Amino acid sequence: MVIQQGQVAVITGAAGGIGKGLAQEAAALGLRLVLSDIDGQRLAALAQELAAQGSQVASLVADVGDPQQVDNLLALAQQRFGGVDLLFNNAGVMQTGFSWEITAVQWQRMLDINLRGVINGLRSFVPLLLEQGRPAHIVNTASLAGLISSPMMGPYTVTKQAVVALSETLHYELAMLQAPVTVSVLCPGPVASDIMASNLAAGAAAEQLDALLDSSIRQGMAPRELAREVFAGIEAGRFWLLPHKNFKPALERRLASILDETNPVFQMADA
């Protein structure tokens, strides 16, 4: 899909991290923006920042786990700009801990935001994108955790691997319909953000892991750098958006374990 000035981009989880980088890069490319986040204060600050730079911006505080609130986001995009060209299902949160120590409420929160957020985005927006009959593109934010598994990150891994599976299914469905709508799944490694602030650590072991994760994430790829790679991937028509290449040996080991029917052994991603 060719990115052109004046196209409309809808971004969930836009107030920080990857979402903010996507919004800033989209604004720099001359796109009109519909931004959503559950953090109203940070969302308003970003909308004001981009509007002051000359961008056309609409924003809505919304919980992507609530189907009605995502429908409201669709309605806002149609009301303000008459349609949608790019949909970024990006909102996400973190949860660490041993799988059996994570509470039912914590599990549900992860399923609602990380997975149902994407499901709701597709359910709300894909019918419009198909009805428009013009090129459009969807980017679903997963993670390296969507491709390889790690201990003490069960809910995050489960939801992100489900996002990868859903994205791949959607890709096949859109191709089957020969639709002008295409999809990518974004599977980054560490990207500088404060996502760990959303974590509700379950147990002392998780607290130790959290400090390591937070340090790694905060030193990760800059969100704007990631966003530039994402938009380049959209224009190149790539389904797999994999900005961090060092994980591929770990993925190869996992696939070999499956094909060889050997028990998996966890190893950190290669440096």
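Just a few scattered comments:
- For the stretch 165-271, trypsin sites (Lys or Arg not before Pro) meeting the loop criterion (DSSP other than H, G, I, E, B) and having at most 11 other Cβ atoms within 10 Å: Lys245.
- Computed from Cα atoms, the angle from the helix 17-28 axis to the main principal axis of the chain rounds to 30 degrees.
- Environment charge of Leu177, counting only residues whose C-beta is closer than 15 Å and scoring Lys/Arg +1, Asp/Glu -1: -1
- Candidates Gln106, Val139, Thr157 compared by Cα position along the dipole of the stretch 28-176: farthest toward the positive end lies Val139, with charges placed on Cβ.
- Fully extending the segment from Gln5 to Ala28, taken as 0.36 nm per residue of separation minus the present Cα-Cα distance, adds 7.3 nm.
- Theoretical FRET efficiency, 1/(1+(r/R0)^6), r = Cβ-Cβ of Arg218 and Gln178, R0 41 Å, to 0.05: 0.40
- Note on Ala204 and Asp71: with the Förster distance fixed at 51 Å, the Cβ-Cβ geometry gives a FRET efficiency of about 0.80.
- Each Lys or Arg adds one and each Asp or Glu subtracts one; over the other residues with Cβ under 13 Å from the Cβ of Gln56, this totals +2.
- Relative to the Cα centre, the charge distribution of the stretch 8-260, modelled as +1 at Lys and Arg Cβ and -1 at Asp and Glu Cβ, gives a dipole magnitude of about 400 debye.
- Working note: 222 nm ellipticity from helices only, DSSP H runs with n ≥ 4, each -39,500 (n - 2.57), summed and divided by the residues of the chain, gives -15500 deg cm²/dmol to the nearest 500.
- A straight chain from Leu251 to Asp39 at 0.36 nm per residue would run longer than the Cα-Cα distance by 72.9 nm.
- Three-way shape call for the stretch 60-119 based on the alpha-carbon gyration tensor, with the a/c threshold at 1.5: prolate
- Cβ-defined net charge surrounding Pro223, 15 Å radius [Lys, Arg +1; Asp, Glu -1]: -1
- A DSSP coil position with no more than 14 other Cβ atoms inside 10 Å describes the following chymotrypsin sites (Phe, Trp or Tyr not before Pro) in the stretch 224-271: Phe239, Phe266.
- Separation in nanometres of the label points that stand 7 Å from Cα toward Cβ, at Leu128 and Ile258: 3.4
Every read-out reported here was derived from the displayed coordinates using simple, explicitly stated rules and does not represent laboratory data. The structure displayed is predicted, hence computed values, not measured ones. Positions of Cβ are generated from backbone atoms using ideal geometry, with glycine treated the same way; all protein chains shown enter the neighbour counts.
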